[in-house]
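Here's the structure we're looking at; comments come further down.
No lab work stands behind these numbers, since they all come straight from the coordinates. Bear in mind the structure is a predicted one, so any value in this text is a computation, not a measurement. We place every Cβ from the backbone using ideal geometry, glycine too, and count neighbours over all the protein chains shown.
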Amino acid sequence: MSQRVVGGEVASPNSWPWQVSLQYLSGGSYYHTCGGTLIRANWVLTAAHCVDTSRTWRILLGEHDLYSNSGREQTLGVSQVYVHSNWNRNSVSNGYDIALLRLSSSASLNSYVQLGSLPPSGQILPHNNLCYITGWGRTSTGGSLSAQLKEAYLPLVDYKTCSSSGWWGSTVKNTMVCGGGGAESGCNGDSGGPLNCQYGGKYYVHGIASFVSSWGCNYPQKPTVFTRVSAYIDWINSVSSNRKTQSCIGCMNVKSYFHPAGAICHTLHIHITEGLTNQSLPGECF
């Protein structure tokens, strides 16, 4: 919805071919609200807080400029939303900010649309590992949208550092991963998008953008916090390999699911909850 990454630069078109724009329907038009990752031809990985309200959703693949079509785009509907059963929007710092979207049809894979690679279960990357956040979120706290996909280098911050006093403290759990903490970060509209980390000469989707500090998107010693994907590999595999749409806990029909209103944090997916800030909280959802 808004521009994406604070700092960083415009990405080369389709250089992150698993990047998804998650959009919601309002007044007959669709609007970008969050990012996501194509992990199977008919499955998208995103953040739970992006989709825990009743909406009609669609996703855009092969997208670069939200306001200009290149002919490479694919638009697919969302038929089912699976939010982790332990997710609680009133306690974002508890974690479980993860969701899977079943698409109404399968994407056509090509050089512009590809699957993101998931890390091995339980993998922990070292401090300062090379990672990039990508998205269309705000380019500054309170700033405007980015029409074009941006990328920013966010070196990984290890759990010991990120959970220490003066950083995020106990707000950050070991099922999360931190990135940045300096001039570049995620911001509103980047939620749900990937943290792309390199190891073994290849990029893996190691994180799902979850929250930043309520004091600003790039507040010192408050790096962007992501859901650590490697902590949820079993859950991802269980849900995405299940052929029966309604057979899992935390599975809901897109049309019928409704979550109680009143988020306690300012979400970085800007629709509905913009401005709902609780100053007592150390962070805000993406």
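The amide H of residue 157, built 1.01 Å from its N in the peptide plane, has 128, 178, 179, 180 as neighbours under 5 Å, considering only residues 5 or more places off or on other chains. Length available on full extension from residue 109 to residue 90: 0.36 nm per residue minus the Cα-Cα distance, which gives 3.1 nm. Put in line by how crowded their Cβ is, counting other Cβ atoms within 10 Å and starting with the fewest, 150, 173 read 173, 150. Backbone phi angles across segment 80-88, fed through the Karplus curve with coefficients 6.51, -1.76 and 1.60 (θ = phi - 60°), yield HN-Hα couplings of 8, 10, 10, 9, 4, 5, 8, 5, 9 Hz in residue order; Gly and Pro are listed as x.
Estimated at 0.36 nm per residue, the fully extended path between residue 26 and residue 241 surpasses their Cα-Cα distance by 74.3 nm.
Given a cut-off of 24 Å, name the pairs among 150/173; 150/202; 160/222 whose C-alpha atoms lie farther apart than that in the structure shown. Pairs exceeding 24 Å: 150/173. Taking the fewest neighbouring Cβ atoms within 10 Å as the starting point, the ordered list for 82, 24 is 24, 82.
3J(HN,Hα) along segment 200-211, derived from phi through the Karplus expression 6.51 cos²θ - 1.76 cosθ + 1.60 where θ = phi - 60°, amounts to x, x, 9, 8, 10, 7, 8, x, 10, 4, 10, 8 Hz, with x in place of Gly and Pro. Computed from backbone phi with θ = phi - 60° and the Karplus coefficients 6.51, -1.76 and 1.60, the 3J(HN,Hα) list for segment 222-236 is 10, x, 4, 10, 10, 5, 7, 4, 5, 7, 10, 4, 4, 5, 4 Hz; x is used for glycine and proline.
With R₀ fixed at 30 Å, the C-beta to C-beta distance from residue 69 to residue 202 puts the FRET efficiency at about 0.50.
Our estimate of slack between residue 121 and residue 233, defined as 0.36 nm per intervening residue step minus the Cα-Cα distance, is 39.8 nm.
Cβ-to-Cβ counts within 10 Å put 56, 224 in ascending order as 56, 224, the fewest first.
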